[in-house]
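Enquirer: Okay, handing you the structure first.
The numbers here are math on the coordinates, done by the rules we state, and not lab data. Everything numeric here is computed off the predicted structure, so don't read it as measured data. Positions of Cβ are generated from backbone atoms using ideal geometry, with glycine treated the same way; all protein chains shown enter the neighbour counts.
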């Protein structure tokens, strides 16, 4: 992730994200302020006021309405972006799940900040973890350059016909949002060409094809709709990797769902998300200089979680230390739980199943299949037509 | 009624395309009575058309043309609002 | 004066809300929806809040809607409508839509999704000036979830969360005046109306609302046979009775000018309106007489205050013909 210093500007992470938004020039941007993401929306608002961004800036009256308006605009046929943090994400959490299940390709910057209480405006990842089960894609940036680059890539990922999901570009509150670093943006034309035209398969405002969106589903269909949604996010890392290759041609900077740093021959590996990876890289360099066999696994795509790639990269490592910038009181911290599941997945003693969504009954025969090792991961989902 | 589709055949996001959707026939909600129209008394006032919660009054242009028993739930509002008594509730053998 | 033939022609054989839904027999909501949408020229796009209308018309994979329709959640019909409207503006400006399609965005929500949980989003959308019509179909309780009280439930009404009992006569609080709250947002057009025999009032107001250069809000009384406790065939008389007793006056605030659009020749005593509804049956016990008097007093007070506020009265519409119900 090198930055060409010759082309670099001194930008905070927030300004870098706003610059990317200006270049993408989305149609609709509903916004509500919350520290520490406000520099993003304020910088963008000034672009709009000066005519440098042409979309509809909608100063809504809460984050819940920001995401509601964003989902509706995206489904209506407009490229839509927004930003939030912490309590704002918590307030809009209801709609974040709906954004994913309605397959609204909204791009949102998340200035990671601790959830109350006590109220705290500084960085941690508890807000991301609150909605980890929502079905949205979450990409974590290590610094301001990454925040810029991931924001440019995000619309292509969100809008890809096999994905069609919201994408959150996560940047640590204050550490990235407010710290000025060298950032080399692409040219306006390069960004426009990269993101292309917005298209959804069933735009609400396409009057020639009347649709009903946001239905009510009974136990006979909820599970199937959810299964389909899961398939979309499962394939998203392959799409992300392809987009990163395309982006590397353009920018000279390489990205992907995760990055191994000096893992060759490592006996101990650190795993983390976000700006701490930058600090960790320096520490790993120092320790390696002293001969310590240590390395770092930096995860960029937290959702979808690149479990197979993690198994491969950590093969041979004796000790894996997972740094969680969020807690799960009474249970395993979120990143740890994901890593543990990824590493244990190969072990014969541990299997995972999902069942009963939307009221779908669990039958004794299903339980028998599970115990016999004959059940599919999604127990009871219809994969064949059921005749009337 | 169609059977149930597998997850692989559903449009993303639970979108229902109107022209491909099927409507359940709610006429089976009726419990013994159905509306019947005496056209000789009908003055095409169209009030039954407006009041029907199930859009079950059929029109030919702006003239009354019948009742769609596939959807009529037998609420009796058409009979109640008809100013000339042209609609009456009668036994429903269907 | 709106004519039914005009509504029929606007519908053009394709009702915006068709049959096959699972709203109750005799539900009062469809008439509100069709009267409003058929009174609007040109294409419409509907946004619905969670509630009876939404749940009963869109059980996947069926739909009873012949117009583009979106539901997101319970409290955000106005916020979702704001998103659709913003998308519409943005796409029109950059030539992403056929320019001739002057479409009207109509949000429908029940009283819960308007007075209570939906109030914030409604207020924000009105304040921001989006061009759309918000219609509250007010049946005076959370009907879809089993008749629980809302901020629109009248004083003295029994609901499942404000039941009448040994020590209670039902809802202890007066309902909010959401129409006045909407008017306080200084939007181009706000009105209170009802379907039933006053459908012409509603039709006229819906047409005006759609033409407003900015947000328009319609608060429309809708009966609920289940929640109000009456036979469906009594609905037209009951909706009419609400208007004739002045507990649900018909008026509009057009560009800030308050105007009464219907003035009963002779006000009906409120007890006559309450009596046929089971939700008020407990008020007719001897010990509840004071409550009946209080309700009449509140109606009188509200009516007098409205008359003072209204600078003028719309020329009297044709009086609905008295209907003999068999």
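Enquirer: Rounded to two decimals, what is the ratio between the C-alpha radius of gyration of region C:133-190 and 2.2 N^0.38 Å? Walk me through the numbers on the way to the answer.
Expert: On the way: Rg = 13.8 Å, N = 58, 2.2 N^0.38 = 10.3 Å.
For region C:133-190, the normalised Cα radius of gyration is 1.34.
Enquirer: Using alpha carbon centroids, what distance separates region C:167-244 and region A:105-119, in Å?
Expert: Going from one Cα centre to the other spans 40 Å.
Enquirer: Let me ask something additional. Going by alpha carbons, how many degrees (0 to 90, nearest 10) lie between the helix axis of C:289-309 and the longest principal axis of chain C?
Expert: Roughly 40 degrees, rounded to the nearest 10.
Enquirer: Taking every DSSP beta bridge that has both residues in region A:5-251, what percent is antiparallel when rounded to the nearest 5?
Expert: Working: 4 of 23 bridges.
DSSP beta bridges in region A:5-251 are roughly 15 percent antiparallel.
Enquirer: Can you tell me the alpha carbon radius of gyration of region A:1-150 divided by the globular rule-of-thumb value 2.2 N^0.38 Å? Present the calculation step by step, with values, prior to reporting the outcome.
Expert: Working: Rg = 14.8 Å, N = 150, 2.2 N^0.38 = 14.8 Å.
So the Cα radius of gyration is 1.00 times the expected 2.2 N^0.38 Å.
Enquirer: To the nearest whole percent, what portion of all C-alpha pairs in region A:258-344 is separated by more than 20 angstrom?
Expert: Numbers: 1106 of 3741 pairs.
Summing the P(r) tail past 20 Å for region A:258-344 gives 30 percent.
Enquirer: Nearest 10 degrees is fine. How inclined is helix C:199-211 to the longest principal axis of chain C, computing both from alpha carbons?
Expert: With rounding to tens, the tilt is 40 degrees.
Enquirer: Round to a whole angstrom and tell me the spacing of the C-alpha centers of region C:270-306 and region C:1-26.
Expert: Computed from Cα coordinates, the inter-centre distance equals 34 Å.
Enquirer: Using only DSSP helix segments of four residues or longer, with each worth -39500 (n - 2.57), what per-residue ellipticity at 222 nm results for chain A after dividing by its residue count and rounding to 500?
Expert: Numbers: 13 runs with 152 residues, N = 388.
My calculation for chain A gives -12000 deg cm²/dmol from helical runs alone.
Enquirer: Could you check what % of the DSSP bridge pairs in region A:258-344 are antiparallel, to the nearest 5? Before the final figure, lay out the partial values.
Expert: Numbers: 4 of 13 bridges.
Around 30 percent antiparallel, to the nearest 5.
Enquirer: Just for region C:4-313, what percent of DSSP beta bridges are antiparallel, to the closest 5?
Expert: Just about 30 percent of them are antiparallel.
Enquirer: Using the count of nearby Cβ atoms within 10 Å as a rough guide to exposure, how do A:174, A:216, A:302 rank from fewest to most? All intermediate terms of the calculation are to be shown ahead of the outcome.
Expert: On the way: A:174 20, A:216 17, A:302 24.
In increasing order of surrounding Cβ atoms, one gets A:216, A:174, A:302.
Enquirer: Take the alpha carbon atoms of region A:135-197, find their center, do the same for region B:25-52, and report the distance between the two centers in whole angstrom.
Expert: 59 Å
Enquirer: Further, regarding this structure: Could you please rank A:177, C:104, C:14, placing first whichever residue has the fewest other Cβ atoms within 10 Å of its Cβ?
Expert: C:14, C:104, A:177
Enquirer: How far is helix C:119-128 tilted off the main Cα axis of chain C, in degrees rounded to 10, range 0 to 90?
Expert: 40 degrees
Enquirer: Taking neighbour Cβ counts within 10 Å as the exposure measure, how do B:40, A:301 sort from fewest upward?
Expert: Details: B:40 7, A:301 23.
Going from least to most buried by this count: B:40, A:301.
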